[in-house]
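Below you'll find the structure, written out as structure tokens, and then a few comments.
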Amino acid sequence: MFELVIALAVFLGLIGFVLAGRYWDALLLLRWGWTLMAVGLVVGVPTGVVYHIKLLRLLTQKKAPTKGWWIDPRPLHQYLSAEEVRRCVPWFYVGGVGFVLCVGGCICLLMALASGWFG
């Protein structure tokens, strides 16, 4: 049931973006899309690298498992002390913000494309 709700939300969101793209200038959407993607990459990539390096160092010092530390590191946070979480995990959230900005830029570019197709 949960997957159905997610699929429906994505479908309705895409329809909304196509309709919204008809009312916004495609050039403006392109500019916003490229800007958001650039800012997201500038923020997200370096902070993601710092986070993953810090996490790997902390886990190897404790001889904790490191399997999947670069794919899905969230389950490995349980091996960190409160002080280590305070030093390491904020980098995770800042990298997540960069990712969200990149996705927002991609959505703007998709809307610009859709306005060109359907406008």
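What follows draws every value from the coordinates through simple rules; no lab data is involved. Note that the structure is a prediction, hence the values are computed from the model and not measured. Ideal geometry is used to build each Cβ from the backbone, glycine not excepted, and the neighbour counts take in all protein chains shown.
Quick notes on this one:
- Gain in span if fully extended, Val49 to Leu4, counting 0.36 nm per residue against the direct Cα distance: 12.8 nm
- Distance from the alpha carbon centroid of segment 1-60 to that of segment 68-119 works out to 8 angstrom.
- Debye intensity ratio I(q)/I(0), log10, segment 2-118, q values 0.22 Å⁻¹ (C-alpha model): -1.06
- Full-extension gain in nm, Leu12 to Val97, via 0.36 nm per residue minus C-alpha separation: 28.2 nm
- Longest DSSP-loop-exposure-free segment, trypsin sites (Lys or Arg not before Pro), the chain, at most 11 other Cβ within 10 Å: 1-62
- If R0 is taken as 35 Å, the Cβ-Cβ distance between Gln78 and Leu27 corresponds to a FRET efficiency of 0.15.
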